[in-house]
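The values are calculated or read from the model by the stated rules, or taken from the named source; none is laboratory data. Quantities reported herein were computed from a predicted structural model and do not represent experimental measurements. Here the Cβ positions follow ideal geometry from the backbone for every residue, glycine too, while neighbour counts run over all protein chains shown. Ligands, DNA and RNA are stripped out before the accessible areas are found, and what is left, the full protein with its side chains, is counted by its heavy atoms. Shrake-Rupley method; radii C 1.70, N 1.55, O 1.52, S 1.80 Å.
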Amino acid sequence: MENKNILEEIAQSDMILVGIGEEFDSAGKLRTSREYIKGCESLKEAGLHWLIAAWNEFCAEKAGDCSVRESMEKLRRMLADKNYYMVSLSAGSEIMRCFGDGGEKGTGEAVFSGARLVMPCGSVLKKQCVRGCGEVLHDVTEEDRERMRTVFEKLYRGEPAKETDVLTGVCPECGSVLILNNVYAEKYNEKGYLDQWQRYMKWLQGTLNRKLFILELGVGMRFPTVIRWPFEKAAFYNKKAYFCRVNEKLYQLTEELAEKGCGISQNAIDWLLKL
């Protein structure tokens, strides 16, 4: 389908379901960067997997790559005044800044009360106890960002990552250190997204028999049970649905959806920017 027709489909749809995938972690853009690759390896060796999402953003900034931010801003304009919901596998801050509450003010605070966004993999904007305990998550502070930047600057220069207290504060329940609240933590605290997930499930129930446009952007097979397979199911059971899948490699549709959708073999960020 031509891009012009896709925009027309979006405009004419009653509801829009959007999935944001791994391509928005910036990693794909950085795969040829020696500093980035070595840094990832060093973080993993040090057991600091939970820092990789923040490392992605740091390296993208170093490279002057604003494509994630620009693509999210364009998507926000496309969805303005539409009845949409977004599910994101990316833990990046740009998605929150554009679609979370307060995003238009540029605060980036992880507030979800009125947002039409759920991030099951967590984000780089909240922190949790390393042991996974606690009902309440904590905001990442400006001091935390500065401390991470100091660590990343050393990492970028080739210094090895060290298991240290990167973030400020301790868990009020057990006194353990705090880490970023994302799925790459050894004991990921899922409480940060569960309320919003329930709102998403309720919204999804209302799509049946409505003209639904499903836009899946850059979603691979890292967590197929979160977006890829449920989106296919939603498209299959809704007779009025149209499914658009954009992915560099995994763009193909199932045989059952071949007549009610399209697969576009492009990087989802680049595709959005050209749309």
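Screening the range 244-275 for residues that are open to solvent by less than 50 Å² (accessible area, probe 1.4 Å) and of a type in the set (K, R) and picking the one that is nearest to P224 (Cα to Cα) gives R245. Put simply, of L155, L204, L194 the only residue that is within 25 Å of F223 (Cβ to Cβ), at pLDDT 95 or above and hydrophobic (A, V, I, L, M, F, W, C) is L204. Scanning the range 26-41 for residues that are assigned to a helix (DSSP H, G or I), touching a residue at least 40 places away in the same chain (Cβ under 8 Å) and open to solvent by less than 20 Å² (accessible area, probe 1.4 Å) yields a total of 1. Please work out which residue is most open to solvent (accessible area, probe 1.4 Å), limiting yourself to the range 143-191 and to residues that are among the acidic types (D, E) and under 21 Å from the mean Cα position of the chain (by Cα). Looking at residues that are among the acidic types (D, E) and under 21 Å from the mean Cα position of the chain (by Cα), I get E186. If you go through the range 191-238 one residue at a time, how many are over 15 Å from M15 (Cβ atoms), basic (K, R) and either in a helix (DSSP H, G or I) or touching a strand residue (DSSP E or B) at 6+ places or on another chain (Cβ under 9 Å) (or both)? Total meeting the criteria: 3.
Taking the range 239-258 as the range and being assigned to a helix (DSSP H, G or I), of a type outside the set (D, E, K, R) and within 20 Å of T207 (Cα to Cα) as the test, only L257 passes. The one condition from (1) closer than 19 Å to K274 by Cβ; (2) of a type outside the set (S, T, N, Q); (3) open to solvent by less than 60 Å² (accessible area, probe 1.4 Å) that R69 does not meet is (3). For the criterion of being touching an Asp or Glu at 6+ places or on another chain (Cβ under 6 Å) and either without any contact (Cβ under 8 Å) to a residue 40 or more places away in the chain or closer than 21 Å to E232 by Cα (or both), N5 fails. Residue count for the range 118-131 satisfying the condition of being in a loop (DSSP other than H, G, I, E, B), under 21 Å from the mean Cα position of the chain (by Cα) and not hydrophobic (A, V, I, L, M, F, W, C): 1.
Scan the range 93-111 and tell me whether some residue there is at pLDDT below 90, over 18 Å from the mean Cα position of the chain (by Cα) and part of a helix (DSSP H, G or I). The answer is yes; a qualifying residue exists.
Apart from one condition, G220 fits all of (1) touching an Asp or Glu at 6+ places or on another chain (Cβ under 6 Å); (2) under 30 Å from V140 (Cβ atoms); (3) open to solvent by 60 Å² or more (accessible area, probe 1.4 Å); the exception is (3).
Take G122 and decide whether it is open to solvent by less than 50 Å² (accessible area, probe 1.4 Å) and free of Cβ contacts under 8 Å to residues at least 12 places away in the same chain.
It is false that G122 is open to solvent by less than 50 Å² (accessible area, probe 1.4 Å) and free of Cβ contacts under 8 Å to residues at least 12 places away in the same chain.
Out of the residues in the range 79-92 that are at pLDDT below 90 and not aliphatic (A, V, I, L, M), state the one that is least open to solvent (accessible area, probe 1.4 Å). Per the criteria, the residue is G92.
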